[in-house]
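Everything on this sheet refers to the single structure shown next.
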Amino acid sequence: MKIIVIPVAVILLALAILLVSCATSYADKRNRSPNFQGGEFKNTNPIKMHSFWKIAWTALTTDIDRAAWPKWVDTKADNAPRALVRDGDIRITFINHATFLIQAGGFNILTDPVFSQRTSPVSFAGPKRVHKPGIEMDELPSVDVIIISHDHYDHLDLDSVNQLMKRDNPRVYLGLGVGRRLAASGNVVEMDWWESAQVAENFELWFLDVQHFSGRSLTDRNSTLWGGFLLQLGDKKIYFGGDSGYADHYKRTYERFGPVDIAFLPIGAYAPRSMFKSVHLDPFEAVQAHIDLQADLSIGMHYGTFQISAESRREPIELLEQARRQANVDSSAFITLEVGTPFELTTSNEAAAVSF
């Protein structure tokens with residue numbers, strides 16, 4: 001058998017052509033942003049950022065205080081979700097972590113889709129899910145809109161997003177620079193903080209300032225923009241907080257948009273506080289964010305699926321109950337949902353929710 005040897009120069013030339021073609025096919029809009037300075041994005045309020053090595057060292061040296069999670073938890077699944085819901089109704093299904101299917105205004109909206117087994121750059125290590133998705137990807141109705149808060153692995157699962165883009169060709173909204181990570185650029189809209197996009201006549205959304213950071217490797221920290229979303233669907237305003245530490249951006253969102261009907265707020269991945277306080281809410285701060293937003297209803301997220309911090313799996317729910325009582329917030333005003341069990345708000349204002 002004759003072996004064909006390809007010269008190294010040819011290989012390098014091919015790689016160079018590929019890199020150039022990739023670079024020219026992606027329009028880098030980051031430099032237009034006042035938040036992009038010195039090659040990276042900045043928080044509105046400067047925060048102390050721990051290095052990758054500091055985070056890794058803390059993880060290695062605090063295992064004695066790291067709560068044990070179950071290897072697997074049985075949860076429900078919605079194996080036959082509705083294709084759509086009627087105008088005026090809202091149907092929400094908690095899939096896992098920060099992934100929800102929001103059905104409202106004749107649209108199917110997916111937040112931070114994560115369906116993979118791990119939130120990690122490799123398939124054999126890293127945080128592994130402890131329960132199945134509340135809706136399996138193959139069972140999802142056709143998705144019209146995907147919103148992605150930032151590019152961390154527990155919020156941007158490229159395998160899931162690329163599969164959904166190929167299957168349904170949804171519109172994808174995300175922060176500046178994140179689009180280059182996707183396999184396709186069609187129907188992808190990159191946004192700066194406080195920019196808006198008209199999805200349809202009755203559907204407008206804004207990308208909002210939150211306090212966090214971004215990156216997927218040792219060398220790309222804050223190279224892409226993170227944020228939250230405000231969705232205006234008819235007369236309903238839905239806030240999706242993505243991932244954030246507590247800061248005045250919740251009050252500024254209220255000052256600009258007024259009270260919101262529904263807010264999705266993170267309540268987990270907060271311990272130890274010395275490491276996560278500036279970038280992850282704890283349940284007490286989440287309740288304060290709920291108050292700042294003047295939300296009619298808040299729904300907790302960012303807990304219970306992947307162990308990415310030191311607290312126990314159920315602690316965020318237990319502390320949320322304490323936080324509500326301490327702040328005199330009614331238990332029905334800030335809830336958690338059972339995985340895979342739809343929560344429905346109808347035009348008759350009837351609601352059904354089951355606690356996690």
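The values are calculated or read from the model by the stated rules, or taken from the named source; none is laboratory data. Model, not experiment: these values are computed from the prediction. For neighbour counting, all protein chains shown are included, and Cβ atoms are generated from backbone atoms with ideal geometry for every residue, glycine included. Heavy atoms of the whole protein, side chains included, go into the accessibility calculation; ligands, DNA and RNA do not. Shrake-Rupley method; radii C 1.70, N 1.55, O 1.52, S 1.80 Å.
Ignoring ligands, DNA and RNA, what accessible area per residue does the chain give at 1.4 Å, in Å²?
46 Å²
Given H placed 1.01 Å from N in the peptide plane, which residues other than close sequence neighbours of Ala271 have an amide H under 5 Å from its amide H?
Counting only residues 5 or more places away or on other chains, the set is Ala310, Glu311.
Percent relative contact order of the chain, based on C-alpha pairs within less than 8 angstrom and at least six residues apart?
Relative contact order of the chain: 17 percent.
Helix-derived [θ] at 222 nm for the chain: sum -39500 (n - 2.57) over DSSP H runs of at least 4, divide by residue count, nearest 500?
-6500 deg cm²/dmol
Taking N as the number of residues in the chain, what is its alpha-carbon radius of gyration divided by 2.2 N^0.38 Å?
Numbers: Rg = 20.6 Å, N = 356, 2.2 N^0.38 = 20.5 Å.
Compactness ratio reported: 1.01.
Please state the shape class of the stretch 72-177: rounded when a/c is under 1.5, otherwise prolate if a/b exceeds b/c and oblate if not, all from the C-alpha gyration tensor.
oblate
Which whole-number percent gives the relative contact order of the stretch 209-356, counting Cα pairs below 8 Å spaced six or more residues apart?
Relative contact order of the stretch 209-356: 18 percent.
Using modelled backbone amide H atoms (1.01 Å from N, in-plane), which distant-in-sequence or interchain residues come within less than 5 Å of Val188's amide H?
Val172
Please report, in debye to the nearest 20, how large the charge dipole of the chain is about its Cα centre when each Lys and Arg carries +1 at its beta carbon and each Asp and Glu carries -1 there.
The calculated dipole for the chain is roughly 1180 debye.
Take the stretch 201-356, drop everything but the C-alpha atoms, weight them equally and run the Debye formula without solvent; then report log10 I(q)/I(0) at 0.15, 0.17 Å⁻¹ to two decimals.
These q points yield log10 I(q)/I(0) values of -0.82, -1.04.
Under the Kirkwood approximation applied to all pairs of distinct alpha-carbon atoms, what is the hydrodynamic radius of the stretch 148-267 in Å? Intermediate values should be presented prior to the final figure.
Values: mean 1/r = 0.0671 Å⁻¹.
Its Kirkwood hydrodynamic radius stands at 14.9 Å.
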